[in-house]
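Peer 1: Sharing a structure below in structure tokens format, with a few things to ask.
FYI, it's all coordinate maths here, none of it is from the lab. Not measured: the values here are computed from a predicted model. Methodologically, a virtual Cβ is constructed for each residue, glycine included, from the backbone with ideal geometry; neighbour enumeration extends over all protein chains shown.
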Amino acid sequence: KERFEAYVEKQLEKIEIPNKDSSFLREKLLLMYANPLTNYLAARQ
């Protein structure tokens with residue numbers, strides 16, 4: 001878990017936009033990584 005959180009932080013540091021909303025970007029990044037599992041679980045039902 002700690003390695004993944006460090007990875008996410010590293011990815012967020014790469015985003016260079018003015019007035020970036022880090023919490024929003026973190027949420028979207030986590031959603032992006034969770035999407036394959038979400039789709040898999042939905043397909044199994």
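Peer 1: When you look at L25, is it among the hydrophobic types (A, V, I, L, M, F, W, C), surrounded by 10 or more Cβ atoms within 10 Å (Cβ to Cβ) and free of Cβ contacts under 8 Å to residues at least 60 places away in the same chain, yes or no?
Peer 2: So L25 fits the description; yes.
Peer 1: Give the residue, chosen from N35, N19, that is of a type in the set (S, T, N, Q) and not in a helix (DSSP H, G or I).
Peer 2: Going through N35, N19 in turn, the sole match is N19.
Peer 1: Further question: Of all residues in region 1-16, which are of a type in the set (K, R) and assigned to a helix (DSSP H, G or I)?
Peer 2: Answer for region 1-16, where residues must be of a type in the set (K, R) and assigned to a helix (DSSP H, G or I): R3, K10, K14.
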